[in-house]
Amino acid sequence: MTNPYAQYDNPLIRRYASQEMSFLFSPQFKHQTWRGLWIHLAEAERELGLPITAEQIAELKAHETDIDFAEAEKQEKIVRHDVMAHVHAYGKQCPKAAGIIHLGATSAYVADNTDLIQMKDGLHLIRKRLMRVIASLADFAEKWKAQPTLGFTHFQPAQPVTVGKRATLWIQELLLDLEEVEQVAESLPFLGVKGTTGTQASFLELFNGDHDKVKALNSEVTRRAGFARSLPVSGQTYTRKLDARVVAALSSVAQSLSKFSTDLRLLQNLKEVEEPFEKSQIGSSAMAYKRNPMRSERIGSLARFVESLHASVAFTSSTQWFERTLDDSANKRLAVAQAFLAADAMLIIAENVSSNLVVYPKVIERRLREELPFMLTENIMMDAVKRGGNRQDLHEQIRVHSVEAARQVKEHGNANDLLERIAGDKSFDTTVEKLTAMLDPSKYTGRSKEQTEEFLAEHVAPALARWSDWKSLAGEDLRV
């Protein structure tokens, strides 16, 4: 027996993705879907008058999921064709129906339509996980909507915001992704019943030239497979632009989660907000005191992988030849499946992180006290102008005082004495006490609290209310 530890082990399966997503791209799901499509085809063909019996269809249904993989592998070694190998294996289990399996169809009928079913189901699962992350971050934003914190532009201290308001920026990107995932999933077409070059010639032959019956066959199989529409025209395969479109939506999710995880890694360095850290978790094998943001880093790592896969399927889409070429096959098997598995993994980690974020208000307040004097300067200047000062002269004085105060902090490690310097300048006609009274950071967060409340009520709540199935989705334990 082969040693399982002596061959490559895909970490997306072993470590990261959920069992549910893994099953969608498993051989079992793939080949039972092939059989389901053969059943749909046979049922529709029978309804439209072809000589297929109810007994044959019952036999097919009886063996829809109990696939003899060993027999299929044996057959593939002989015929060197995976679809025909499974046709033979299915036929051995269903001797009465063997002659009508795959009737009129080409390989793309089962292979491509199954790909579309996998992607549609995968997008529905991604949508559920996305909504769970949005809900977790919404709870976080609500809890911390009024907590002032330093805002950053260019990663330099800027006007204060609130912890909750910053979280709304993460949520807003995820809401855009949610719209895209929903739209792509709901509009994804079926290939349908199109034949070897998309002309439906084999089916026209089966129905003795009856175009209406061929059209009805395509519509009925599409309906049975759970799709609202099929592609109006195709070659042998569906256009690979659909793969590019689907993976683009997954890449968009990856971009948003990467941004969230990057911000969190920076905040953890500042000791303001941290991802969860288990009681017995080890941050470093050498430095026992460390609390590395490992989960956020893992999100970023997987995000880069998903973003790169979009380029791969885009290249495949742009290099297809006429009605069919096979240089897409190996690429699709790798890129599309792994994009879904990695996106699923990222969302599992993101839900764990966003549900258990740790905020340190005292650290946040200390950093605000250190930087707030610089941010008060415009208010101080405006007050002095109201008392008759010259705006341009006051601006220059504040610039000089700010540069010197910053130099004292950076070069000598001294406390920020900007307010004392301004109070000592007669141009401003003020006192340290008056200036210190202005150091309430909540006065400088603008509408952060109100914006957060409005955003959660007017945008997040309606988005989460569109579906309820995400609430019952089973949680996943982190693998590492």
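Laboratory data are not the source of any read-out in this text; all were calculated from the coordinates shown. Predicted model only: the values in this text are computed from it and were never measured. For neighbour counting, all protein chains shown are included, and Cβ atoms are generated from backbone atoms with ideal geometry for every residue, glycine included.
Observations on the structure shown:
- Given charges at Cβ of Lys, Arg, Asp, Glu: the chain dipole, positive-most of GLN451, SER107, ASN208: GLN451
- Relative contact order (%) - criterion: Cα under 8 Å, at least six apart; region: the chain: 19
- 0 to 90° range, to nearest 10: angle between helix 294-318 axis and the chain longest Cα axis: 50
- Sorted fewest first by neighbouring Cβ atoms within 10 angstrom, LYS77, LYS165, LYS213, LYS143 come out as LYS77, LYS143, LYS213, LYS165.
- Potential extension, GLU458-ALA158 segment - 0.36 nm per residue separation minus Cα distance: 105.2 nm
- Taking Cα atoms only, the orientation of helix 391-412 departs from the longest principal axis of the chain by about 80 degrees.
- Couplings for the stretch 452-467, taken from phi via the Karplus curve 6.51 cos²θ - 1.76 cosθ + 1.60 with θ = phi - 60°, read 4, 4, 5, 4, 5, 6, 8, 10, 6, 4, x, 5, 6, 7, 5, 9 Hz in order; Gly and Pro are left as x.
- Ranked packing of 81-92, 201-212, most packed first, by mean Cβ within 10 Å: 81-92, 201-212
- Cβ crowding within 10 Å, taken as a proxy for footprinting-reagent exposure, orders TRP38, TRP321 from fewest neighbours to most as TRP321, TRP38.
- Scalar couplings 3J(HN,Hα) for the stretch 40-45, obtained by applying the Karplus form with A = 6.51, B = -1.76, C = 1.60 to θ = phi - 60°, are 4, 5, 5, 4, 5, 5 Hz; x denotes Gly and Pro.
- Per-residue Cβ neighbour rank within 10 angstrom, fewest leading, LEU456, LEU347: LEU456, LEU347
- What the phi angles of the stretch 57-69 give under the Karplus curve with 6.51, -1.76 and 1.60, with θ = phi - 60°, is a coupling list of 5, 4, 5, 4, 5, 5, 10, 5, 10, 8, 7, 8, 5 Hz, glycine and proline written as x.
- Near ALA337, once Lys and Arg are set to +1 and Asp and Glu to -1 for all other residues with Cβ below 12 Å from its Cβ, the sum equals 0.
- Between the amide H of ALA158 and those of GLY151, PHE152, THR153, distances stay under 5 Å, these residues lying 5 or more places away or on another chain, with hydrogens modeled in the peptide plane.
- Long-range amide H partners of LYS145 with built H, under 5 Å: GLY164
- The listed peptides 63-70, 291-298, ordered by packing as a protection proxy, come out as 291-298, 63-70 (highest mean of other Cβ atoms within 10 Å first).
- A Cβ-based charge dipole, computed about the Cα centre of the chain with Lys and Arg at +1 and Asp and Glu at -1, lands at about 640 debye.
- Between the helical axis of 377-386 and the longest alpha-carbon principal axis of the chain there is an angle of about 50 degrees.
- Top positive-direction residue, dipole computed over the chain with Cβ charges, set ALA249, ALA437, LEU24: ALA437
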